[in-house]
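To start, the structure itself, in structure tokens.
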Amino acid sequence: MTDATPVSESREGAVAVLTLQSPPVNALGSALREGIRAAIERAEADPAVKAIVLIGGGRMFSAGADITEFGKPQSGIGLPDLLNRIEAVGKPVVAAIHGNALGGGLETALACHYRVAVPSAKVGLPEVKLGILPGAGGTQRLPRIVGPRKALEVIVGGAPIGAKQAAAMGLIDDLAPEESLRAHAVAFAERVAAEGRPLTKIRDREDRIAEGRDDPGLFDAFRTENARRMRGFEAPEACIACIEAACRLPFEQGLAFEREQFLTLVSGEQSAAQRYVFFAERQTAKIPDVPETTPARPVAKVGIIGAGTMGGGIAMNFLNAGLPVTIVETKREALDRGLGTIRTNYENTARKGRLRPEDVETRMGLLTDTLDLDALKDCDLIIEAVFEDMAIKQEIFSKLDRIAKPGAILASNTSYLDIDAIAAATGRPGDVIGLHFFSPANVMRLLEVVRGARTSQDVIATAMQVGRRIGKIAVLVGVCHGFVGNRMLAQRQREANRLILEGVKPWDVDRVIHDFGLPMGPFAMSDLAGLDIGWSRETNRSETVRDLLCEQDRRGQKTGAGFYDYDAKRNATPSPVTEEIIATVAARQGVAQKPASDQEILERCLYPMVNEDAKILEEGKAIRASDIDIVWINGYGWPVYRGGPMFWADGIGLRRVLERLRAYEALYGDAFKPSPLLERLAADGKGFKDL
Ligand code: T1G
């Protein structure tokens, strides 16, 4: 048969093999759905065909529905109808899975009578991460196989599961050898047909959903247990309600309920934001002047200078990726403390069952510790993670220039400082780049890759690739104070500090920012990080609220008090001591006391960030507006269901943002002076998305 269609049809004896061929991920767009429908109907009508195998061409079975089709008029058969059609075929239909079967891809497999997979395959229903839910029967079929408890984890969590685990759950009927999935699936289909095995439809299975009927409280228990993780999101609750409906309603009614919930979510603001983020994350890898074909330098050995919190966390990223790391400190006790922290982190992870004990030893076995900088001479990538002081960094890079082998990439983890000034301390500025990790470095997904004026293209390409290799979202940024993320953060911190001097309580600022969707507000975050970063009693000038807090040893959570008072479990309570300190500083500075509404608090903290973003774009310090959104979602916890600061501002309308900036500029001056880019976009009735 012709291969021009997105489904190629072939025969193995009495088995029709239908191969999905819609690269790169066999997304189930209208053409592929129609292709599957036509091929299935031909195979069903052919009396010589005794069984059907559905298999993915290319690198996976299917990544699910075509996300780019959402919000557009549907053409061709809808996925739910296609799956009901597959399920109704009077011959065995076997899904043969390799790579990924996600979302509608797994739902398609669930509509088949049997599922065969190779052990390396991954299946899952990640729709919740797009602000939607499995809208092609997944919330009704999955609980009928694995039970409501497991279905809640899979659907509300959205994480992929390996084929072996899926087989243990009854989701996969047979595991095939990695190299012979097609042959194995054909043989499986032949056996099913020859043995006349029942063509059980998942919709008809009632045994597992009895759990939900017998224990209706399990749904509220799940809600309570996951409330923190689901805070602010709409899709998780809809997922739970659909699984609850699967246990309560007949299949068709459950399907109708699921459809109704899906249509509500897919047309909502949160899903639009989360789908935007899905594609924005993938855009970060696209660098206009660094072609994707740029050859990367080999990175097989990594050196890290500094075994403190950042150095240790950075090392863990590479150890997790199986790369040997040599870590250098100036004092043995600092090295021992750093190594101890790394081991403790791994052992804690193992204690939670997320790492086998033998994996801890494997990782630690890849780690070499030394006091000798010369030990880095064979490293392909050296990352400096020492104190945030330019002179110290320049001295280190000057030494590295002599020690490191030709072609080694020399990176600084600096979070603010000028990469060009650091590069100037070497004779190889083309090899110097910034790799700005976010604390805790082994947890936070964001990596700001800071290109210097003379950083070479292949070093940039290598850094972006290394970022992906260690599981980060790498965003390329330019040299300026604080790069992108921290430069924006400074805007919010300045306004938050001014608000409390005007009499707004720190806990009210934190409440507004937390209710907006960030994990914590500016003052709780400062207490967590420590108020004494860059502060010392010797250089202290006793001028700011932070100075006075530190003077009283109120340095944050670590000292049991900062802006808040903390109990032994680090539960925070507002502090009258802090209120008094703020009043003292405000009086000394003659700051007029004035209340601020929640809306004003939000605008004064967030609109200057948006304005700064426009300046960052004007200065070319970020490639695109969506990169900035990815920075704040993955580095600072901006709620993904709001799409990032730029997407959010576009949703408000830049005319409105400009109007408010001008109102605050009249009261507070240049801090709110609108950027020319923002003024221009607003005047044209455009948004950052139009850039
Ligand atoms: N639709 C459209 N395009 C997609 C896509 C999809 N589902 N998945 C990936 N792409 C594009 C992606 O943008 C990129 O494009 C290219 O394919 C390679 O992707 C009814 C409603 C499968 C784990 O959420 O998680 O089914 O940048 O770079 O790293 O219930 O893609 O090259 O132009 O990510 O190897 C649910 C989404 C959909 C899975 C592979 N499914 N995809 O990762 O490649 S909604 C998902 C992924 C749904 C039904 C519901 C990953 C991957 P470009 P990539 P990868």
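Each value in this text was obtained by applying a stated rule to the coordinates, not by laboratory testing. This structure is a prediction, so every number in the text was calculated from the model and none was measured. Please note: Cβ atoms are built from the backbone with ideal geometry, for glycine as well, and neighbour counts cover all protein chains shown.
Observations on the structure shown:
- Most to least packed among 365-376, 454-465 [average Cβ atoms within 10 Å]: 454-465, 365-376
- Value at 222 nm in deg cm²/dmol, rounded to 500, when DSSP H runs of n ≥ 4 in the chain each add -39,500 (n - 2.57): -14500 deg cm²/dmol
- Convex hull volume per residue in cubic angstrom - Cα atoms of the stretch 117-216: 114
- For the chain: relative contact order, % (alpha-carbon pairs under 8 angstrom, 6 or more apart): 9
- Paramagnetic reach from T344 (point 7 Å along Cα→Cβ, amide N under 18 Å) across the stretch 506-535: 528-530
- Whole-number D in µm²/s for the stretch 561-691 (Stokes-Einstein; Kirkwood sum over Cα pairs; 20 °C, 1.002 mPa s): 127
- Acute angle (nearest 10 degrees) that the helix 251-266 long axis makes with the longest principal axis of the chain, alpha-carbon atoms: 30
- Computed from phi, the 3J(HN,Hα) profile of the stretch 537-542 under the Karplus parametrisation 6.51, -1.76, 1.60 (θ = phi - 60°) reads 4, 5, 8, 4, 10, 6 Hz, with x in place of Gly and Pro.
- Dmax and Rg, reported as Rg then Dmax, of the stretch 503-589 (C-alpha, Å): 12.7, 39
- Other-chain or far-sequence residues with amide H under 5 Å of V17's (modelled H): S10, R11, E12, V53
- Cβ-Cβ FRET estimate between D389 and D515, R0 fixed at 41 Å, reported to 0.05: 0.60
- Most tightly packed first, judged by the mean number of other beta-carbon atoms within 10 Å of their residues, the peptides 641-650, 588-597, 499-508 read 641-650, 499-508, 588-597.
- Mean separation of Cα contacts under 8 Å (6+ apart) over length of the stretch 358-414, as relative contact order %: 44
- Lys, Arg +1 and Asp, Glu -1 on Cβ, resulting dipole of the stretch 7-266 about Cα centre, debye, nearest 20: 280
- Over the C-alpha trace of the stretch 400-540, radius of gyration and Dmax come out as 18.1, 57 angstrom.
- Scaled to the globular estimate 2.2 N^0.38 Å, the Cα spread of the chain, given as radius of gyration, is 1.07.
- Treating each Cα of the stretch 208-356 as an identical point scatterer and summing with the Debye formula, the log10 of I(q)/I(0) at q = 0.09, 0.18, 0.21 Å⁻¹ comes to -0.62, -1.07, -1.22.
- Cross-link table K331/K377; K352/K377; K72/K150; K377/K615; K72/K129, entries beyond 29 Å C-alpha to C-alpha: K352/K377; K72/K150; K377/K615
- Relative contact order, percent, the stretch 152-289 [alpha-carbon distance under 8 Å, six or more residues apart]: 22
- Potential lengthening of the chain between T309 and T544 amounts to 81.9 nm, from the contour at 0.36 nm per residue minus the alpha-carbon distance.
- 0 to 90° range, to nearest 10: angle between helix 332-351 axis and the chain longest Cα axis: 30
- Estimated D of the stretch 302-478 in µm² per second, where Rh is the Kirkwood radius over Cα pairs and Stokes-Einstein applies at 20 °C, 1.002 mPa s: 134
- Distance between the pseudo-spin-label points of A453 and S439 (7 Å out from Cα toward the beta carbon): 3.1 nm.
- Sequence-distant residues sharing a close amide H with S412 (under 5 Å, placed H): E384, I433, G434, L435
- Take the Cβ atoms of Q74 and D670, set R0 to 56 Å, and the FRET efficiency comes out at 0.65.
- For the stretch 7-266, with +1 on Lys and Arg beta carbons and -1 on Asp and Glu, the positive-most of A159, V186, G90 along the dipole: A159
- Here K201 and M364 are evaluated by their C-beta separation; at R0 = 45 Å the FRET efficiency comes out at 0.35.
- Packing rank of 224-232, 396-404, 13-21, 572-580, where each peptide gets the mean count of other beta carbons within 10 Å, highest leading: 13-21, 396-404, 572-580, 224-232
- Taking the three principal axes of the alpha carbon atoms in the stretch 7-266, the coordinate ranges are 53, 39, 32 Å, sorted in descending order.
- Size of charge dipole - the chain - debye, nearest 20, with Cβ of Lys, Arg +1 and Asp, Glu -1, no other charges: 480
- Straight-line cross-link reach from K50 at under 25 Å between alpha-carbon atoms covers these lysines, not counting any fewer than eight positions away in the same chain: K91, K201.
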